[in-house]
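Undergrad: Here you go, one structure.
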Amino acid sequence: MTARTPNSKLERVLAAGEFALAVEISPPVGPNKPALLRQAARVRGYADAFNVTDNQSARVHLASLPACILIQEAGLEPVVQFTCRDRNRLGLQADLLGAAAFGIPNVLALSGDHPVCGDHPHVRSVGDIDSVNLVRMIRMMRDDQVFENGQPIPKLAPEFFIGAVANPFAPPHDFRPLRLAKKIAAGAQFIQTQLIYNLERFREYMHQVVDLGLHEKTAILAGVGPVKSLAGLEFMRDRVAGIDVPEPLLDRFRRLSKDDQQKAGLDLACEIGEELRQMEGVRGLHIMAIGSTTVIPELVRRLGLHPRPDV
Amino acid sequence: MSLRTTLQDHPGFLVVSWRVTEGLLRLLHRPLAALGLERSSRWVKPVEKPLKRLLFDCRMCGQCILHYTGMTCPMTCPKQLRNGPCGGVQMDGRCETDPEMNCIWLEALERLAKTPYDAEKLRLNPPVDWQLEEMASWATLALGRDRVTTGSDAETRYASEVME
């Protein structure tokens, strides 16, 4: 097999043994290209790759794929996200071919929040396949050059660096490393975790992951998200599925004034980020600045992760 | 607590029932093959459907993997996941779509651990063939139709293959 330089900078950074960084961008609720590009301009250069979410929280947004095309034109390397909630295998494959045609190098496969959690609770959750099988399908398109029906993809096959997600905090906890193993077996080359506020639990998870040797089979990017207030932290705990916010953390914020809370949010993200960097098996961070990308450059600089390696 | 959940939480009886059913279906392979999938399904369904509905809240996907999921039907999951729980399970074990409902997969994995098939939690269950919806899975099982997948032979089938 001839070695070829991956198109994906994220993949190259990881291959070079560097600590990788991904940043998440929320697309606009509307065809608001200028707003998207403003966000992109704010964070450009502050990560190796930029995820654009796909109807996150089951709320309608400008779709991930077109948003990725736009930010790619603006000089950012995208990670296109696809949920199993919104499309069947035909739709997913068509969009994957589209992503490949535009040279989008990274793809993230996930189940997606159920519609009842979002602003269209009356729509059907497609669920034609699950995220493990979506990873498998993308890998087979790339490596075996076949469509999901087994038929060959004529001429050009898509090339992707394939990612999946992990939530170490949702029960059943002892199964989470095994679910990770399933996604790796299906072909997941990188993993982006849910937001981490409970370091102890995450540490336990990583111990199990390292024991199973899974950290060598995939690159785990740990999720970090600066909040702006106590209310923000409470929102995470109550309204976003699968996030674990320990009481002591909330107490810390309760003692502060509104103005101090914003600074505390950023400080907390730095603390968590630093701890994660030291953890065995963590190969990078995935920063999700819920609601606002303005704090990202400062966070990345404080973590000592700017400028990004040039690979 | 219903009859169903009682039986599922102590899956011994259901596991034995499944083994007996599977054994019977293997014995019946020849006659069922002679009938063909469509007719076998039509004959078997009037028995299978109400029984499995009662015991498992079966959704008639036509490609049953109950013995891999602790006799808990994965199609009762609102996202119809075939490979384990999503990341949206609430901290108290409830489904993200309904605070009154336990995560199906959480229950499935607990029950699976009580059966001899615990290793099957690592199985990469292939995607659903929706053409089999409403067909009798006893027929699809007997005729091997539930095992038809598109994929190369070298493909990993169990997550244990990537674990140390």
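Undergrad: If B:Leu109 satisfies every condition in (1) over 20 Å from B:Leu25 (Cβ atoms); (2) more than 10 Å from chain A (Cβ to nearest Cβ); (3) in contact with a Lys or Arg (Cβ under 7 Å, 6 or more places away or on another chain); (4) not charged (D, E, K, R) but one, which is the exception?
TA: (2) is the only condition that B:Leu109 fails.
Undergrad: Collect the residues in region B:124-164 that are within 14 Å of another protein chain (Cβ to nearest Cβ), modelled with pLDDT of 85 or more and within 24 Å of B:Lys49 (Cβ to Cβ), keeping them in residue-number order.
TA: B:Asn125, B:Pro126, B:Pro127, B:Val128, B:Asp129, B:Trp130, B:Gln131, B:Leu132, B:Glu133
Undergrad: Spot the failing condition for A:Ala181; the list is (1) part of a loop (DSSP other than H, G, I, E, B); (2) touching a residue at least 24 places away in the same chain (Cβ under 8 Å); (3) within 13 Å of chain B (Cβ to nearest Cβ); (4) not acidic (Asp, Glu), and only one is missed.
TA: Among (1) part of a loop (DSSP other than H, G, I, E, B); (2) touching a residue at least 24 places away in the same chain (Cβ under 8 Å); (3) within 13 Å of chain B (Cβ to nearest Cβ); (4) not acidic (Asp, Glu), A:Ala181 violates only (1).
Undergrad: Right, something else. Please pick out the residue among A:Pro168, A:Pro121 that is in contact with a strand residue (DSSP E or B) (Cβ under 8 Å, 6 or more places away or on another chain) and assigned to a loop (DSSP other than H, G, I, E, B).
TA: Details: A:Pro121 fails: in contact with a strand residue (DSSP E or B) (Cβ under 8 Å, 6 or more places away or on another chain).
Step by step, each of A:Pro168, A:Pro121 is checked, and only A:Pro168 is in contact with a strand residue (DSSP E or B) (Cβ under 8 Å, 6 or more places away or on another chain) and assigned to a loop (DSSP other than H, G, I, E, B).
Undergrad: Any residue in region A:213-231 that is touching a strand residue (DSSP E or B) at 6+ places or on another chain (Cβ under 9 Å), more than 23 Å from A:Ala181 (Cα to Cα) and more than 11 Å from chain B (Cβ to nearest Cβ)? Give the derivation first.
TA: We begin by selecting, within region A:213-231, every residue touching a strand residue (DSSP E or B) at 6+ places or on another chain (Cβ under 9 Å); these are A:214-215, A:218-226.
Applying the additional criterion that residues be more than 23 Å from A:Ala181 (Cα to Cα) yields A:225-226.
So of that shortlist, the ones also more than 11 Å from chain B (Cβ to nearest Cβ) come out as A:225-226.
Yes: one or more hits.
Undergrad: Oh, and also: Among the residues of region A:235-281, what is the count of those that are at positive phi and either at pLDDT 95 or above or more than 19 Å from the chain's Cα centre (by Cα) (or both)?
TA: Final tally of qualifying residues: 1.
Undergrad: Right, here's the next one. What pairs come up if the first residue lies in region A:113-140 and is under 20 Å from B:Thr97 (Cβ atoms) and more than 8 Å from chain B (Cβ to nearest Cβ), the second is of a type in the set (Val, Ile, Thr) and surrounded by fewer than 18 Cβ atoms within 10 Å (Cβ to Cβ), and their beta carbons are under 6 Å apart, counting only those six or more places apart or on different chains?
TA: Note: pairs meeting the criteria are A:Pro115/A:Val123.
Undergrad: Right, next: Spot the failing condition for B:Ala119; the list is (1) crowded, with 20+ Cβ neighbours inside 10 Å; (2) of a type in the set (A, V, I, L, M); (3) more than 8 Å from every other protein chain (Cβ to nearest Cβ), and only one is missed.
TA: Status for B:Ala119: all satisfied but (1).
Undergrad: Separate question: Which condition breaks for B:Gln90 when tested against (1) more than 8 Å from chain A (Cβ to nearest Cβ); (2) free of Cβ contacts under 8 Å to residues at least 24 places away in the same chain?
TA: For B:Gln90, the exception is condition (1).
Undergrad: Then there is this: How many residues does region A:241-255 hold that are buried (at least 19 other Cβ atoms within 10 Å of the Cβ) and either farther than 19 Å from A:Gly273 by Cβ or within 14 Å of chain B (Cβ to nearest Cβ) (or both)?
TA: Of the residues in that region, 5 qualify.
Per-residue answers, yes or no, for (1) in contact (Cβ under 8 Å) with a residue 12 or more places away in the chain; (2) farther than 30 Å from A:Pro28 by Cβ; (3) of a type in the set (Asp, Glu):
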| residue | (1), (2), (3) |
| --- | --- |
| A:Met206 | yes, yes, no |
| A:Gly223 | yes, no, no |
| A:Ser229 | yes, no, no |
| A:Asp244 | yes, no, yes |
| A:Leu249 | yes, yes, no |
| A:Ile290 | yes, no, no |
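Undergrad: Among the residues in region A:194-201, are any more than 19 Å from the chain's Cα centre (by Cα) and surrounded by fewer than 20 Cβ atoms within 10 Å (Cβ to Cβ)?
TA: The answer is yes; a qualifying residue exists.
Undergrad: So which of B:Pro99, B:Pro31 is in a strand (DSSP E or B), over 14 Å from the mean Cα position of the chain (by Cα) and surrounded by fewer than 20 Cβ atoms within 10 Å (Cβ to Cβ)?
TA: Matching residue, one of B:Pro99, B:Pro31: B:Pro99.
Undergrad: Exactly one condition in (1) part of a strand (DSSP E or B); (2) modelled with pLDDT under 95 is not met by A:Ser57; state its number.
TA: Failing condition for A:Ser57: (1).
Matching residues to (1) within 14 Å of another protein chain (Cβ to nearest Cβ); (2) at positive phi; (3) part of a helix (DSSP H, G or I):
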residue: A:Val23; (1), (2), (3): no, no, no
residue: A:Pro34; (1), (2), (3): no, no, yes
residue: A:Phe50; (1), (2), (3): no, no, no
residue: A:Ala67; (1), (2), (3): no, no, yes
residue: A:Gln72; (1), (2), (3): no, no, yes
residue: A:Phe82; (1), (2), (3): no, no, no
residue: A:Arg85; (1), (2), (3): yes, no, no
residue: A:Ala94; (1), (2), (3): no, no, yes
residue: A:Ala99; (1), (2), (3): no, no, yes
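Undergrad: Across region B:40-75, which residue is surrounded by the most Cβ atoms within 10 Å (Cβ to Cβ) among those that are within 12 Å of another protein chain (Cβ to nearest Cβ) and not in a loop (DSSP other than H, G, I, E, B)?
TA: Per the stated criteria, the residue is B:Pro74.
Undergrad: Is it the case that region A:198-217 has a residue that's within 23 Å of A:Val295 (Cα to Cα) and not in a strand (DSSP E or B)?
TA: yes
The values are calculated or read from the model by the stated rules, or taken from the named source; none is laboratory data. Given the structure is predicted, the values throughout are model-derived calculations rather than measurements. A quick note on method: Cβ atoms are made from the backbone with ideal geometry, for glycine too, and the neighbour counts reach across all protein chains shown.
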